[in-house]
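Asker: Got a structure for you, questions after.
A short reminder: the numbers here are calculations on the coordinates, not readings from a lab. Remember, it's a predicted structure, so these values are computed and weren't measured experimentally. Using ideal geometry, Cβ is built from the backbone for each residue, glycine included, and neighbour counts are taken over all protein chains shown.
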Amino acid sequence: MPNWTHLEEDSPVLGIAELRIVLRKQIGAMTMFESLWIIGLLLATGGQEVMGQSVQMDSVKSGFVGSQVELRCQFINSRPPVKISQVTWQKFLNGTKQNVAIANPALGVSVLPPFKERVVFKNPAVRQRTPSLEDTTIVFNNLRLSDEAAYICEYTTFPAGNRENMVNLTVFARPVTRMSLTSPTIVARAAKRKMTVATCVSANGKPPSVIKWETRLKGEFNLQETRNPNGTVTVRSSYIVVPGRETHRQKLTCIVSYRNERITDSVILNVQYEPEVTIDGFDGNWYLNRQDVQLTCNADANPPVTIYQWKLLNGSMPANSEVKNNTIFFKGPVTYDLAGTYVCDATNSIGTRSGRVEVNVTDLPSNSSPRMPEDPSPPPLIIGAAVGGGVALVAIVTLLVVLLRRRQRTFKGDYSTKKHVFGNSYSKAGGPAVVNPPLPKNLQYPEDSDDEKKPTQIGGSGGGSGGGYEGEGGFDVEAEDLKRPYFTVDEGESRDYDDRTLTYQYDAEPDIADDMVSQTDGSVISKKEWYV
């Protein structure tokens, strides 16, 4: 039998093909029996090469720069098992192989630079004097971007030859994200123009990040990617606005999305701008003798206003005015001297802006206070009161009508306040008077009647109890009385008749007929009118 010890020690990394060549060279020195034995053994192990051993590994692995990662490698042996001569880890990059670590049962374990300080075999049995090489998983510590490659785990067995498998290692780099203002202070100029106010950077990331902006501020942004020599990518985004008063104190948020992570950073804009000036105090109702009015200059500025200056166009400030900071106080009553155009100049470190107000003075105050709108629907209490008052008014009117009707049925007119005047006419002052028949004499009234006095006895010639009065010449008083109109004159209204005179002339006092009734005021009416 040949000496295989020399072969195994001198050629620890030979494959099955190389082993066959070596064997063929040594066959010439063997006897016929030894040669046939070797040929039979090669034929037998040929079938085991196809069916027997295998190397199990993960197809892909990944880790971040600076982290730790395991690369698994396990050998599945045949039955009967073959002998493991050596295990070799190799880095395969750009078509080139580089040894990383070797485990040999006779020579021990060896890790080559630049992995010497960072790669170890995980299983302690590999490092023993009599090693066990079925599990040769290695551990990478402090990963570097340069570690990204394909790694081959190769088993050399005797007499089966080589078995290998491969894993792809990906190394990620978490980016460094920062956000900053273009400058601590942004100055808004009078000439409106765009400028970059903030920048968001995601540097040295692998894979590259995605940057977005979140803000209420109207503007636009750009993106720029830069690939670094080590394989990382730097992404930069700038936010562009037209700076002004409305951009001051606005918040900008940069959102960086990296794989499954979300990184945010925010800044607050500090924009300096000239003052925006307004004047308060004049309400359009400055009238004569109004007391203690004032005007105030308000300025919105960043930085704050340091100087306020007041002036009155086309004139000098009133004598009763006093300026304190941003306010003019007018002491005492308002006069016409206060009218005019007042200007306030406000100044900060950026510039000066002005505001103005036109003041006019009126004689009387204007009713400038707004009136509250009236509720079209009155309250229920008012509605109830109105309905109750209406009902009461109707009841009172009805009662008055009934009482008046009853009184009219008793007698016509109010003889206590009115005078009934006989006569067929009246004349104006100085005109001829109409002669009326004389009043009857000897009127008698019953004692039991005060307001209704009926004659019980009428004296006079030719008088009768049932007929009308007939004077001289056959004058029928009752008949004439029915023909003549009578006048009712209010005593209170008698003064209105200064330009005319009602003349009552009685030649003699005629006898009162039986159908006549004398009244308390001296007038006489017929019984027919009494009972109407």
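Asker: What order do you get for 264-276, 213-225 when each peptide is scored by the mean count of other beta carbon atoms within 10 Å, highest first? Could you put the intermediate results ahead of the total?
Answerer: On the way: 264-276: 17.9, 213-225: 13.2.
Ranked from most to least packed, the peptides come out as 264-276, 213-225.
Asker: Taking region 133-166, which chymotrypsin sites (Phe, Trp or Tyr not before Pro) meet the DSSP loop condition and have no more than 16 other C-beta atoms within 10 Å?
Answerer: Details: sites: 140, 151, 155; in loops: none.
Within region 133-166, no chymotrypsin sites (Phe, Trp or Tyr not before Pro) qualify (loop, at most 16 other Cβ atoms within 10 Å).
Asker: Tally Lys/Arg at +1 and Asp/Glu at -1 over every other residue whose Cβ is under 10 Å from the Cβ of residue 147; what's the total?
Answerer: Details: positive: 91, 118, 144; negative: 148.
Summing Lys and Arg as +1 and Asp and Glu as -1 gives +2.
Asker: Taking only the alpha-carbon positions of region 273-362 and ignoring solvent, what does the Debye formula give for the base-10 log of I(q)/I(0) at q = 0.17, 0.18, 0.22, 0.23 Å⁻¹?
Answerer: -0.67, -0.74, -1.01, -1.08
Asker: Neighbouring Cβ atoms within 10 Å as the yardstick, rank 401, 82 fewest first.
Answerer: Working: 401 10, 82 21.
Placing the least packed residue first, the sequence is 401, 82.
Asker: Where nothing but the Cβ of Lys and Arg (+1) and of Asp and Glu (-1) is charged, how large is the charge dipole of region 99-247 around its Cα centre, in debye to the nearest 20?
Answerer: Values: 20 positive and 11 negative charges, 221 e Å.
Charge dipole, region 99-247, about its Cα centre: 1060 debye, nearest 20.
Asker: Below 13 angstrom from the Cβ of residue 226, what's the summed charge of the other residues (Lys, Arg +1; Asp, Glu -1)? Could the numbers behind the result be given before it?
Answerer: Details: positive: 206, 227, 236; negative: 225.
Local net charge: +2.
Asker: May I ask you to compute the full-extension gain from residue 398 to residue 329, defined as 0.36 nm times their residue separation minus their alpha-carbon distance, rounded to one decimal in nm?
Answerer: Going from the current span to full extension adds 18.0 nm.
Asker: Normalising by the residue count of region 50-172, find the relative contact order in percent from Cα pairs under 8 Å and 6+ residues apart. Please report the intermediate quantities before stating the final value.
Answerer: Values: 283 pairs, mean separation 45.2, N = 123.
This gives 37 percent for region 50-172.
Asker: Step through the table entries 61/206; 61/122; 97/206; 192/324; 83/116, compare each Cα-Cα distance with 23 Å, and write down the pairs that go over it. Walk me through the numbers before you get to the answer.
Answerer: Numbers: 61/206 15 Å; 61/122 16 Å; 97/206 25 Å; 192/324 35 Å; 83/116 27 Å.
Over 23 Å Cα-Cα: 97/206; 192/324; 83/116.
Asker: For region 176-269, with equal point scatterers placed on the C-alpha atoms only and solvent neglected, what are the log10 I(q)/I(0) values from the Debye formula at q = 0.10, 0.23 1/Å, to two decimals?
Answerer: Rounded to two decimals, the profile gives -0.28, -1.11.
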